[in-house]
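Right, one structure below, let's go through it.
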Amino acid sequence: QVQLVESGGGLVQAGGSLRLSCAASGRTLSTYGVAWFRQVPGKEREFVAGMSAIYANTYYADSVKGRFTISRDNDKNTVYLQMNNLKPEDAAFYYCAAGRVVGYNPRNYNYWGRGTQVTVSS
């Protein structure tokens with residue numbers, strides 16, 4: 001079992017930055033594919049960024065490429081999402097997820113955090 005806890009969300013002006021953290025316990029996170037998803041009310045959960053387990057290959061949604069960066073600190077068993085140049089359309093509830101392999105489909109992931117809210121004012 002892996003427990004995931006997100007933090008770092010909040011209110012930021014458009015153009016600003018936030019760094020989300022996802023702290024894991026129970027298992028070593030580096031052995032899992034990890035990802036960030038986001039969701040707004042009434043819409044499906046959307047893939048934002050992911051990182052594979054072994055080679056730490058990274059994947060991004062087109063909408064965040066060049067602005068968001070996913071990274072992992074194995075010593076802290078934590079995954080991060082650095083979000084720069086935030087736009088109002090980035091506002092959502094952001095979730096961290098872990099699974100056997102990284103993928104764009106939420107069904108790839110067995111473990112989820114409870115999420116953290118990101119609000120972007122225009």
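The values are calculated or read from the model by the stated rules, or taken from the named source; none is laboratory data. All values derive from a computational prediction rather than experimental measurement. When we count neighbours, we look across all protein chains shown, and the Cβ atoms used for this are built from the backbone with ideal geometry, even at glycine. With ligands, DNA and RNA removed, areas are computed over all heavy atoms of the protein, side chains included. Shrake-Rupley method; radii C 1.70, N 1.55, O 1.52, S 1.80 Å.
Per the listing TYR55, TYR104, TYR59, the residue uniquely in a strand (DSSP E or B), over 17 Å from LEU4 (Cβ atoms) and open to solvent by 60 Å² or more (accessible area, probe 1.4 Å) is TYR59. Of all the criteria given as (1) over 12 Å from the mean Cα position of the chain (by Cα); (2) open to solvent by 20 Å² or more (accessible area, probe 1.4 Å); (3) modelled with pLDDT of 95 or more, the one not satisfied by TRP112 is (1). Among the residues making up region 62-79, those that are farther than 24 Å from SER25 by Cα and either of a type in the set (D, E, K, R) or not in a loop (DSSP other than H, G, I, E, B) (or both) are ASP62, LYS65, ARG67, PHE68. Report whether or not GLU46 is touching a residue at least 40 places away in the same chain (Cβ under 8 Å), open to solvent by less than 60 Å² (accessible area, probe 1.4 Å) and touching a Phe, Trp or Tyr at 6+ places or on another chain (Cβ under 9 Å). For GLU46, the condition - touching a residue at least 40 places away in the same chain (Cβ under 8 Å), open to solvent by less than 60 Å² (accessible area, probe 1.4 Å) and touching a Phe, Trp or Tyr at 6+ places or on another chain (Cβ under 9 Å) - is not met. Among the residues of region 6-43, those identified as among the hydrophobic types (A, V, I, L, M, F, W, C) and either out of contact with any Ser or Thr (no Cβ under 8 Å at 6 or more places or on another chain) or loosely packed, with under 12 Cβ neighbours inside 10 Å (or both) are LEU18, VAL34, ALA35, TRP36, PHE37, VAL40. Considering region 71-101, and only residues there that are among the acidic types (Asp, Glu) and closer than 16 Å to THR119 by Cβ, the residue that is surrounded by the most Cβ atoms within 10 Å (Cβ to Cβ) turns out to be ASP90.
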